[in-house]
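To keep things clear, I will list the structure first and then write my remarks on it.
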Amino acid sequence: MSPRAKAKTVRILALESSCDESAAAVLDSADGLLAHELFSQVELHRIYGGVVPELASRDHVHKLLPLVRSALSAAGTEPRDLAGVAYTAGPGLIGALLTGAALARSLAYAWGVPALGVHHLEGHLLAPLLEDEPPPFPHVALLVSGGHTMLIEVQGIGRYQRLGESRDDAAGEAFDKTAKLLGLPYPGGPELARMADAAKGGTFTFPRPMLDRPGLEFSFSGLKTAVLHAVRGQQTLTEGLRADVAHAVQEAIVETLVAKSLRALEQTGLDDLVVSGGVSANRTLRARLAEVVSKRGGRVYYPRIEFCTDNAAMIAVAGLARLKAGQHDGLAIKARAQWPLESLPQL
Ligand code: KG4
Ligand code: ZN
């Protein structure tokens, strides 16, 4: 028997419930990702124009257990095959986190296996490890979601150095809020991007905040005011003008993200960039990053599109690495609305 065949494989269940996606996944150290199931609450929150935390928690309570059942069944896995249960312990909406934490901890207790609380952003950072060509360490990561905009130097799993982040709105939030001002339904980010890609632009130019200053901090909150003024300045906001505003918003956000990512690569002397989080699905951002990073001789790595936004497969990747290294939470039910990434143990 080869040494590989003798090595014990580890299979885990993972849950995600930090915001408005309920998800479950099964990951095996030898066979890879066996199943991932997801329910998005987007329809539930749409009429309110944003996520309502209490409604999110209540819906996770309904959806998580059926998702666990279907993930286990799709993975052909019985509870006795599992070596642990990972769950998102933060950062996120505290009530939503607690629903996943309580369920994961209870299942682990009933099945006699360890439970482990995973950092949601570590999940986003490690999601590209599920792909056929995973990114090498070290690299710079650009994490761009509805809740975070951050540049991180990633030396290895648990070895994260924050290089810069947004002082106010996240990039996804800027997409969503300006989309709302244009009358687009929540979450407007992807819709605004579609309009922007179809427009020729040139009518409006919005500020690129903090681009003229050294450093790797971002600020996107001023874009809302710029868009508001542009919209108010029009007698009638024709479809063409709306598309031009969308184009100018996307240009301002993308140009800022690309310039700061390049600056982070220069500052660290690294060549490879990982981009993760919901905004990494943006096509213009991808095209521009590919251009500048390849000029430096590096490569840009992404998770597959369905794992750019919140999912349990990415929580499983981080959870499996940590459970294999012997980490777990004991009997505690851990949930933290705020949780610094740098406080995680190195592997
Ligand atoms: O990572 P994610 O699913 O949730 C958070 O953890 O925040 O990111 C969601 C964000 C939303 O703000 C959404 O508008 C944005 O990602 N987003 C996009 C695109 N697809 C999703 N923003 C710009 N262009 C896109 N194609
Ligand atoms: Zn996220």
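The values are calculated or read from the model by the stated rules, or taken from the named source; none is laboratory data. Since the model is a prediction, treat every value here as computed from it, not as a measurement. Cβ sites come from the backbone with ideal geometry, for glycine too, and all protein chains shown count toward neighbours.
Observations on the structure shown:
- Residue check for Leu289: within 15 Å of ligand 1 (Cβ to nearest atom), under 21 Å from Arg167 (Cα atoms) and either out of contact with any helix residue (DSSP H, G or I) (no Cβ under 9 Å at 6 or more places or on another chain) or at pLDDT 95 or above (or both): no
- Those residues of region 123-156 which are within 13 Å of ligand 1 (Cβ to nearest atom) and not in a strand (DSSP E or B), in sequence order: Gly123, His124, Leu125, Ala127, Ser145, Gly146, Gly147, His148
- Positions within region 168-187 being in a loop (DSSP other than H, G, I, E, B) and over 29 Å from Val317 (Cα atoms), in sequence order: Asp168, Leu182, Gly183, Leu184, Pro185, Tyr186
- Taken over region 259-292, the criterion of being farther than 23 Å from Gly156 by Cα, touching a residue at least 12 places away in the same chain (Cβ under 8 Å) and hydrophobic (A, V, I, L, M, F, W, C) is satisfied by Ala259, Val279, Ala281, Leu285, Val292.
- Test: Ser106 is without any contact (Cβ under 8 Å) to a residue 24 or more places away in the chain and in a helix (DSSP H, G or I): yes
- Close pairs (8 angstrom Cβ cut-off, 6 or more residues apart or separate chains): under 18 Å from Thr238 (Cβ atoms) and outside the structural domain of Tyr48 (by TED's automatic domain parsing) in region 186-200, within 9 Å of ligand 1 (Cβ to nearest atom) and hydroxyl-bearing (Ser, Thr, Tyr) anywhere: Ala196/Thr284
- Residue check for Val227: modelled with pLDDT of 90 or more and part of a helix (DSSP H, G or I): yes
- Lone qualifier among Arg288, Arg296, Arg283 - being loosely packed, with under 15 Cβ neighbours inside 10 Å, under 24 Å from Ala174 (Cβ atoms) and outside the structural domain of Arg69 (by TED's automatic domain parsing): Arg283
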